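To start, the structure under review is shown below, and the notes come after it.
Since every read-out is calculated from the coordinates, none of them should be taken as a lab result. Since the model is a prediction, treat every value here as computed from it, not as a measurement. Methodologically, a virtual Cβ is constructed for each residue, glycine included, from the backbone with ideal geometry; neighbour enumeration extends over all protein chains shown.
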Amino acid sequence: MKGLIFDIKRFAVHDGPGIRVTVFLKGCPLHCTWCHNPEGICPDMVKVPKTVRMGDKTFTETETVGQLYETAELMEELKKEQIFMEESGGGVTFSGGEPLMQADFLLEMLKICKAAGMHTAVDTTGLASWKTLKEVAAFTDLFLYDLKIVDEAYHRKYTGVSNKLILENLKRLLAEGYQLRVRLPLIPDMTYTEQNMANTLKLLEELPKKPVGVDLLPFHSTAAHKYKRFHLVNELQSVKSMDKHSLKGLKERFELAGFKTTIGG
Ligand code: SF4
C-alpha cells in the first residue's frame with residue numbers, strides 16, 4: 001500500500017514526547033487562512049516551478065510536491081532513527097495536512113510501527129468519521145488534537161468547514177479514555193481572541209475527561225516563504241510572529257483551570 005507524503009522531519013521535538021520523526025501526509029479537508037503547511041492541503045502530487053540561481057544565471061526547474069511511499073519503504077526510513085526515539089522516549093508522529101485523509105495507509109503504518117515497538121502519535125484536525133478515528137485510535141498512543149475556533153460560524157469562516165464533528169470526536173475520544181493533547185494554534189484576531197479563548201476554556205472544562213495537556217502554539221510567520229515558493233496568496237503577510245513570552249498570562253489562565261499547559265508544544 002502506498003501513501004503520499006510531502007515531508008519527513010527528523011529530530012522533531014515539538015510533535016509529542018521525546019525525539020521523533022514526523023511524517024507529513026498530503027491532503028487536508030480544511031483550508032485554514034493561516035495554514036503553515038499550504039503545500040500539504042492538495043491531496044495530489046503537484047508540480048510547481050522553482051527558480052534556481054547559479055552565479056549570475058537564473059534557471060527555472062520543476063519541483064514535485066509529494067512522494068509516494070510504500071509502507072515498508074517508509075518503515076525503513078523510520079527505523080534509521082529508532083535508536084534516538086528509544087533513548088529519548090520519543091517515537092513517530094503522523095501529521096499533515098490531515099493524516100486521516102489517507103486512513104488506510106495511516107492505519108497500516110501505525111500497526112507496523114506498534115509492532116516494531118515505536119510510540120505513535122497522530123496530529124489531527126479530528127475531521128473524520130468516528131469509525132475511522134476509532135480504528136486509528138487502537139494503534140495510537142497519543143493524539144495531538146488541533147482545536148481552532150469554538151464558534152461554528154467563525155470556524156467555517158476561517159477554515160472552510162463546520163466544527164461539529166471535530167468537537168463531537170474530541171469528546172468521544174476522551175470519554176473512551178484515549179490519550180490526547182489539545183493543541184491551540186493562536187492566530188491574532190482569528191483564533192486568538194478573548195472570546196475564543198474564553199469559549200475554549202469553557203469547552204475544555206466541560207469535556208468528559210481532561211486532556212493530558214494543552215499546547216499553546218503562537219503564530220509565527222515562518223511559513224511565508226512557502227506561500228511565495230508555491231505561488232499562493234498569503235492573507236497573513238503583514239501579521240508578525242507572536243512573542244511566546246506574551247502568552248504567559250494565557251498559560252496561567254489554563255493552568256488555574258487545571259490544565260497542564262505548555263507554550264509551543
Ligand atoms: S488543518 Fe492544518 S494542514 Fe489543514 S489547512 Fe489547517 S493548518 Fe493547514
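When segment 14-64 is filtered for residues that are under 21 Å from residue 1 (Cβ atoms) and of a type in the set (Val, Ile, Thr), the ones remaining, listed by number, are 21, 22, 23, 64.
Considering every residue within segment 119-134, establish whether at least one is within 24 Å of residue 18 (Cα to Cα), away from the ligand (no atom under 16 Å from the Cβ), without any contact (Cβ under 8 Å) to a residue 40 or more places away in the chain and assigned to a helix (DSSP H, G or I). Scanning segment 119-134 turns up no residue that is within 24 Å of residue 18 (Cα to Cα), away from the ligand (no atom under 16 Å from the Cβ), without any contact (Cβ under 8 Å) to a residue 40 or more places away in the chain and assigned to a helix (DSSP H, G or I). Here residue 149 meets the list (1) touching a helix residue (DSSP H, G or I) at 6+ places or on another chain (Cβ under 7 Å); (2) in a loop (DSSP other than H, G, I, E, B); (3) within 30 Å of residue 75 (Cβ to Cβ) almost entirely, failing just condition (3). Name the pairs whose Cβ atoms lie under 7 Å apart, with the first residue in segment 207-230 and acidic (Asp, Glu), the second surrounded by fewer than 17 Cβ atoms within 10 Å (Cβ to Cβ) and not in a loop (DSSP other than H, G, I, E, B), and 6 or more positions between them or separate chains? Listed by first residue and then by second, the contacts come to 215/262.
Annotation for segment 122-140: no member residue is out of contact with any helix residue (DSSP H, G or I) (no Cβ under 9 Å at 6 or more places or on another chain) and aliphatic (A, V, I, L, M). Residue pairs whose Cβ atoms lie under 7 Å apart, separated by 6 or more positions or on different chains, with the first residue in segment 138-160 and closer than 16 Å to residue 28 by Cα and the second more than 11 Å from the ligand (Cβ to nearest atom) and assigned to a loop (DSSP other than H, G, I, E, B), are 144/15; 144/16; 155/149; 155/162; 155/163; 156/162; 158/149; 158/190.
Conditions tested, residue by residue: (1) surrounded by 14 or more Cβ atoms within 10 Å (Cβ to Cβ); (2) more than 26 Å from residue 114 (Cα to Cα).
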| residue | (1), (2) |
| --- | --- |
| 28 | yes, no |
| 38 | yes, yes |
| 42 | yes, yes |
| 48 | yes, yes |
| 54 | no, yes |
| 65 | yes, yes |
| 72 | no, no |
| 81 | yes, no |
